[in-house]
Each structure stands twice: as structure tokens, then as C-alpha cells.
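Written out below as C-alpha cells is the structure these notes cover.
The values are calculated or read from the model by the stated rules, or taken from the named source; none is laboratory data. All figures in this text were calculated on a predicted structure; none of them were measured in a lab. Glycine also receives a Cβ, built like all others from the backbone with ideal geometry; neighbour counts cover every protein chain displayed. Ligands, DNA and RNA are stripped out before the accessible areas are found, and what is left, the full protein with its side chains, is counted by its heavy atoms. Shrake-Rupley method; radii C 1.70, N 1.55, O 1.52, S 1.80 Å.
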Amino acid sequence: MSRLTVPCRIVLVTSLGLGSAAGAQELTVEDFFRNPLFTQMKLSPNGEWVATLTSVNGRRNLAVLSVNDTTATAITNGRRTDISDFFWVTDERLVYTIDVDGNEAFGLFAIDRDGSDWRELVGPANGIQVFPRQILPLDRLEEDPNHILVTDNERRKLYPDVFRLNIHTGRMTRIVRNPGYVRSWITDHEGVVRAGVGSTDDPRDLLERVLYRESDAHDWRVLTEHHQFDDDGFAPIAFAADNQTLYVRSNVGRDTQALYTYDPESGRLGELIFGHDAVDVTNIAMSPLDDRLLAVSYEHERPEIVALDPGWAALRKSIDAALPDTLNEIVSMSDDERRLLIVAHSDTDPGSFYLLDQLRGELRYYASRMPWLEPHELSQMRSITITARDGVRLHGYLIIPNG
């Protein structure tokens, strides 16, 4: 599939429509702590549907909307607890997680887009446990619509194995047995588990270890070992589009974690892609279309997103020109990158969702997280810097009530 051409200009076809009030209303604590109308929004792989968490019976439940209509249809009606997270597996089926007792022992459930064929794939553990069983999604497996990859810590509480899970029957098949003390796993772009981050055979050594293998037919080998508190290590984030090079976070030779490439074959740290002198990089964004690196994010005085792909940079520039007074984050996109969901937020806007159609160059207001909080009623927040007595610069924020 060919890459989309980024439009040179994006037209905002529907305004935010904040409205105007004769005078500011006194806001209550309940106004700020009410469940948002929409907590998250995610596009289906084909970009025709939007799934979201919305309040039903006082709890966060799963709902589905068409991209052409903002009428949300709830497909779950749980009264006991909130849904924690969700994702599309296919255009027809979603998987979501629930934590019943607040112990992070998430249950895994699946349901069709129209609310049919609900199934408990893995039930949540009940009661407070020191090390509860956790089954967490790892990879959607785009080429296999009936399965996802999950991690399961039932055998070893801190060091999970990897299983293939059938999203219709709940049947699990182990595909990777934890070879040591791996805490987190990384798959390549074909859904093969290729890297793991953990500790050595004696966790008391406080050594961080990175394991790697060339394919699922190869044995694991150690890429690096370093003391958890030393500055000479790195941690993999994802595979590059070539499925060989790794993107890693490293502070070798610097005070903050920066984004680099790493060649597992030569064992060498590659080029510096992006780093900030004051703070660590946090996340990266990659294309669902061709797996190219799109952007990197960090947080200093405010969240920042740096576009690394030229086309993506042009796209972000167009979005920011259409929405000039907010931080605009692309939170979801269709597999072909045609449609994107953007959340625009600021110190006075809890978040408004916009739908961008790249082929048409149209940006359309879609929904607000908390529409009862109007930006003109909220106080602005500004960043401040204070120099302490020992000369250390401390960063903070100052909010002064309106009036």
C-alpha cells in the first residue's frame, strides 16, 4: 500500500462552538471530578468507526460511534467497575480490560462492534493479592484476525511468558517461555517476539539485561548488561521498519535519556535521533502503514511532540495552524493513515476530539471530553522557574483564579 500524500493545507470545516456565557458560572468540585463524557477515542483499522469509553450507570463503559455521526451506542453496561483500556483487533471486534478490585489483576474481554458475541477471555482475579495474575495485551497481530499476543505471569509472577490468545474462544497457547528474568517483551513488525528487558539470574545484582534473537528459530543472546543506576546502558523501545535495527533509549555519555538507533548484529549504538538536554524522551510514534518513525515526545515545561518524518512534520504544522491555541496530539489513526483522531487540549480545555481526513484535507470537530467545562471559565496555568538557595533551578506551575 502506498503512502498517503499529506495535504498542503487543512481546512477546519466545523468550529469548536464553545458558545458564550453572560457571566462565568461558579464551578464546583463535582464539575471537575465527574466522569468525562468521553475518556478515550480510537479509530477502527479501516477508519470507519470510533470506539470510546463513556459513562453508563456511573461507570466507564465501551461505546462505538460512526465517523460520520457523534451518537455513541454503548455496547457494554457494566455497573460494578470501570473498563480500564481497550483496543480494536479487527474492524468488527474489540478487546478490553477490567480491574475489578483495584489490584491490577486485569480481566480480558472481547466483544463485537455491535455488542454481540461478548466473551470473557480471561477472568479477573478477585481480592487483594501481593502478586496478582496479570494477562496483558502485547501485539494485535494484524495478519491474524483471530488471535492476539498477551503476556501471562501465572508461572512466574514477575517474569511473564508470552501466549497466543484466541479472541473468540479464550484459548491460550504459549509461544515464548521466559528464558530468565525478563519483565517486558518487544515484538517485531511481523508479531514475532524478538527482544526482552529484565535482570540477570540474580536480581539482587541490580543488573539490567537486554535479550535479543534474530528470529523465533534462533536462541536468545545477551545484547547488554549494565547496572540499573549506571549511565552506560540502553533499553529497546521498538524495531525499525527494516525489522532488524532497534530504536533504543540511552543516556550513554549524557545526562538524559535520548533516542538512538542500535544495530544488534554489530552491538553498536547508532545515530542520535533526538535528545533533550534537560529531560528524557518518553514515547515514539510509528506509522501503522509502513512502520516508519513519525515522532518522539518529551515533557519539559509542557508536553512536546517533535515530528521526525518530513511528511509528518508538514501534517503537524497544518494541524497546529488550524488549531493554534492548543496542544494537538494524534491519538489514533486508521491503518492506511487516511483518517486521524486528534485531541486538542490546553490548560483551559480538558480536551476536544477532531477527526482529520487527509485525502480531503478536512479537519472536523467531533466531540469534547468534558463539555460542561468551558475554557473561558477556567484559569490559565503558566510555568515558572525558581532558583533554590543551592543554585538548583526548580520548575513548577502557577495557577491564579480568574478575577
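Data for the structure
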| read-out | value |
| --- | --- |
| Exclusive hit being part of a loop (DSSP other than H, G, I, E, B), closer than 27 Å to Gly311 by Cα and either touching a His at 6+ places or on another chain (Cβ under 7 Å) or modelled with pLDDT of 80 or more (or both), set Pro45, Pro36, Pro7 | Pro45 |
| Unique residue being under 26 Å from Asp139 (Cα atoms), in a loop (DSSP other than H, G, I, E, B) and either open to solvent by less than 20 Å² (accessible area, probe 1.4 Å) or small (Gly, Ala, Ser) (or both) when the list is Ala241, Ala278, Ala235 | Ala241 |
| Hits in the stretch 146-179 - residues which are modelled with pLDDT of 95 or more and open to solvent by 60 Å² or more (accessible area, probe 1.4 Å) | Asn146, Arg164, His168, Thr169, Arg171, Thr173, Arg174, Ile175, Arg177 |
| Candidate set: the stretch 304-362, residues that are polar (S, T, N, Q) and in contact with a helix residue (DSSP H, G or I) (Cβ under 6 Å, 6 or more places away or on another chain); chosen: the one modelled with the lowest pLDDT | Thr348 |
| Selection from the stretch 180-202 of residues that are open to solvent by less than 20 Å² (accessible area, probe 1.4 Å), assigned to a loop (DSSP other than H, G, I, E, B) and within 16 Å of Arg140 (Cβ to Cβ) | Asp188, Gly191 |
| Selection count where residues are out of contact with any Lys or Arg (no Cβ under 9 Å at 6 or more places or on another chain), part of a strand (DSSP E or B) and open to solvent by 20 Å² or more (accessible area, probe 1.4 Å), scope the stretch 49-85 | 5 |
| Residues of the stretch 320-357 classified as assigned to a helix (DSSP H, G or I) and within 23 Å of Arg34 (Cβ to Cβ), total | 0 |
| One residue from Arg316, Arg360, Arg382, Arg389 being of a type in the set (Lys, Arg), over 19 Å from Thr39 (Cα atoms), open to solvent by 20 Å² or more (accessible area, probe 1.4 Å) and part of a strand (DSSP E or B) | Arg382 |
